[in-house]
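Below is one structure; the comments refer to it alone.
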Amino acid sequence: MAKSSFDTLRVLAIASQALGFILIITLETVMGDAARPWQGATLAVMVLCALCLALARLYRRNKARKAMDRRLADDDDDT
C-alpha cells in the first residue's frame, strides 16, 4: 500500500494559521487599537485549532499503529 504524500491535517493546520494571521493584520488595519481584544480572541482560536489538529494527528497515528500491530499479530498466528 503506497503512502500518500498529501496530508489533509497539515493543509488544515497551515490554512488555519494563515487565515488567522491575515485576520489579525486586517483587524489592526481596519480597527486600529480597538482591535486588540479581537486579535487576542483570534490568536486563542488559532491555538485551539492547532491543538485540535495535533490531537487528531495523534489519534490517527495511534489508530494506524494499533491496526499494524493487529496485522502483525495475525501474521504471527498464521505461521
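The values are calculated or read from the model by the stated rules, or taken from the named source; none is laboratory data. Please read these numbers as outputs of a predicted model, since none were measured by experiment. A quick note on method: Cβ atoms are made from the backbone with ideal geometry, for glycine too, and the neighbour counts reach across all protein chains shown. Keep in mind that these areas ignore ligands, DNA and RNA; they rest on the heavy atoms of the full protein, side chains included. Shrake-Rupley method; radii C 1.70, N 1.55, O 1.52, S 1.80 Å.
Of all the criteria given as (1) open to solvent by 90 Å² or more (accessible area, probe 1.4 Å); (2) part of a helix (DSSP H, G or I), the one not satisfied by SER5 is (2).
Return yes when ALA73 is out of contact with any Lys or Arg (no Cβ under 6 Å at 6 or more places or on another chain) and modelled with pLDDT under 95 and no when it is not. Walk me through it before giving the result.
Values: out of contact with any Lys or Arg (no Cβ under 6 Å at 6 or more places or on another chain): yes; modelled with pLDDT under 95: yes.
Answer is yes for this residue.
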